Structure formats: structure tokens, C-alpha cells
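Engineer: One structure coming up, written as C-alpha cells, with questions to follow.
The values are calculated or read from the model by the stated rules, or taken from the named source; none is laboratory data. The model shown is predicted, which means the values in this text are computed figures rather than measured ones. Neighbour counts are summed over all protein chains in view; Cβ atoms, including those assigned to glycine, are modelled from backbone coordinates with ideal geometry.
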Amino acid sequence: MQKKQTRRAILKGLGGGVTLGLISSACGNAQGSGKETPGTNSSSTSPPDDSINIDSNSGNNELQDEEGLDSAQICQVMPDDVEGPFYFNPNQVRSNLRNDMDGRELNLSIQVVSVNEGCAPLENALVDVWLADPSGRYSGYETFDTVGDDFLRGVQVTDTEGRVAFQMIAPGVYPGRAAHIHVKVHYEDRTYVTSQIYFPDNFITNILSDPRYSNSAEFVRNEDDAFYDVRNECTMISQDEGIPAEAFFIVGLAR
């Protein structure tokens, strides 16, 4: 018999934060968009097509809440996605990426687990994230007149529970792309995942109505983004006005 937990219990077990799934999206186990994702990091592992069910016989709890989130949806390898042209490692081990930028505050918590080890938490993995500001600019590039800046970039090392947490702002958008956050996961001198995390369309629609995002490009739906994969879309846990938004996403690596 499979054990079940409420979302409240899941979040409590993850330290109360938002969880990013480097392995899998917490939003569903759909088969992906089928769209080509060029530019994938060649050092990444080839993710298996199947996911792993967790039951009480293996000593792991099935994760399920009232919205139907369960282990079959969670414990699968996160698909690779295009790296994009604006990656660099600023060597900034930090959790707060805001650099005093004005935008919709977003807390993003990531848990890295090992899919082929019963979804056990993976300690000492490096989680590297970067995203565009409310105007659709990336830091550190002449293209955006941001050379010398390192806003909205950072690295964290997972703890004994495989967790990291980032404080950021919701990403801006630029022509042709839906809102997204770039992610790399490194472990023992190897890059296992190079991918992107997406948000529900309604959340980004609300964000882009914020005057602070008035210089962003026009809204692009996830399904109209050539690189979007439904398995990489997160679930919003909280998006109430006046408090930081929180997104839920669980991650898994195949090692």
C-alpha cells in the first residue's frame, strides 16, 4: 500500500520553501511537447523515458496532495532544454539573487534527488540558476549593456536533504520566449542537467501587468515557445499580492 502526504506535509518536510524539480516537474507526468530542444549540454546524461513509482516497500513515501501530485509525476528525470546564449558562472554562492532589483518577489526552493537510488536526496550537488530581469535583460553581457553586473545569477550547494533555496524576482520576457528560469545541476565535477523551468501562463500574465515589467516583450504562451516542455512547468504554491510568490518543483538526476 502506498503512503500519501498532503502538500502541507511535503512543504514542511522540505523546509517550508518552494521546491524545484531538476529531475521532474511537479505539475504532471505528461509526455512533453515533442518540440526540438537544440543546444543541450553534451555532458548531460540521457534521461530515461520512464519514471519510478515509490511505494512503502522501498521505504519511501508516495507524495500526493489534494490536487493529484504523486510520485509517478515527481520521480522522473528532468528533460534537458536549450542552454541559451547568456550563461556564465559568476562564482557567486548565494541564495539572494535580487541585487536590490525592483520586481515581483519570488522564492524558489530546489530539491535534487537521485532517481535510480529510490529518489534519495542528493547532498553536495551544485544548483546554478540564471534568469532575465523585468526588461528581459541578462546580467554580464554587452548585448544588454550589463557588463560587470551579476544580478539574477547564483549557485547553491544542496544540504543533507538535497535542498537549496533562492530568493529572486519573477523573470521578465523577451521576443519569442515564454517566461523561464535557466538551471544547471552539477555533481562530482559533472553536469547532469541543463534545462529551463517554466511557469503557468496565468501567473506570468499577472506578472506582466505589473508596471515594473512594462519594458518586457509581449506575452508568449508556453505552448507557443519552441523550447517549452510541459514536464518542466512548475506549480505555484502561493502568488498572493503583498508576499513573495512561491513555486513548487521537485528535481531528479539519473546517475
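Engineer: When residues of the range 110-131 are filtered for being touching an Asp or Glu at 6+ places or on another chain (Cβ under 8 Å) and modelled with pLDDT under 95, how many remain?
Structural biologist: Residues in the range 110-131 being touching an Asp or Glu at 6+ places or on another chain (Cβ under 8 Å) and modelled with pLDDT under 95: 2 in total.
One line per residue, one yes/no per condition, for (1) hydrophobic (A, V, I, L, M, F, W, C); (2) in contact with a His (Cβ under 9 Å, 6 or more places away or on another chain); (3) more than 15 Å from N107 (Cα to Cα); (4) buried (at least 21 other Cβ atoms within 10 Å of the Cβ):
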site	(1), (2), (3), (4)
G148	no, no, yes, no
F151	yes, no, yes, yes
R163	no, no, no, yes
G176	no, no, yes, no
K184	no, no, yes, yes
Y187	no, no, yes, no
V193	yes, yes, yes, yes
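Engineer: Go through (1) modelled with pLDDT under 90; (2) assigned to a helix (DSSP H, G or I); (3) surrounded by fewer than 17 Cβ atoms within 10 Å (Cβ to Cβ) one by one and return the number of the condition Q73 breaks.
Structural biologist: (3)
Engineer: Let me ask another. So is A165 farther than 25 Å from V113 by Cα and either within 13 Å of the chain's Cα centre (by Cα) or of a type outside the set (D, E) (or both) or not? Write out each step before concluding.
Structural biologist: Values: farther than 25 Å from V113 by Cα: no; either within 13 Å of the chain's Cα centre (by Cα) or of a type outside the set (D, E) (or both): yes.
No: the conditions fail for A165.
Engineer: OK, next. Here is a list: A217, A178. Which entry is touching a residue at least 40 places away in the same chain (Cβ under 8 Å), aliphatic (A, V, I, L, M) and in contact with a strand residue (DSSP E or B) (Cβ under 8 Å, 6 or more places away or on another chain)?
Structural biologist: Every option except A178 fails the conditions.
Engineer: Can I ask one more? Residues of the range 197-228 being in contact with a helix residue (DSSP H, G or I) (Cβ under 9 Å, 6 or more places away or on another chain) and under 30 Å from C119 (Cβ atoms), which ones?
Structural biologist: I197, Y198, F199, P200, D201, I204, N222, E223, Y228
Engineer: Would you confirm whether any residue within the range 82-105 is without any contact (Cβ under 8 Å) to a residue 60 or more places away in the chain, crowded, with 20+ Cβ neighbours inside 10 Å and among the polar types (S, T, N, Q)?
Structural biologist: No, the range 82-105 has no match at all.
Engineer: When you check V127 against the structure, is it in contact (Cβ under 8 Å) with a residue 12 or more places away in the chain, part of a strand (DSSP E or B) and touching a Cys at 6+ places or on another chain (Cβ under 6 Å), yes or no?
Structural biologist: Taking the combined requirement at face value, the residue does not satisfy it.
Engineer: Search the range 188-214 for residues that are within 13 Å of T235 (Cβ to Cβ) and in contact (Cβ under 8 Å) with a residue 40 or more places away in the chain and pair each with any residue that is outside any loop (DSSP other than H, G, I, E, B) and polar (S, T, N, Q) when their beta-carbon atoms are under 6 Å apart and the residues are at least 6 apart or on different chains.
Structural biologist: I197/N232
Engineer: Identify, from the list V127, V147, V173, the residue that is among the β-branched types (V, I, T) and in contact with a strand residue (DSSP E or B) (Cβ under 7 Å, 6 or more places away or on another chain).
Structural biologist: After applying the criteria, what remains is V127.
Engineer: Working only within the range 145-178, note down all residues that are touching a Lys or Arg at 6+ places or on another chain (Cβ under 7 Å) and under 15 Å from V127 (Cβ atoms).
Structural biologist: Correct list: G154, Q167, M168.
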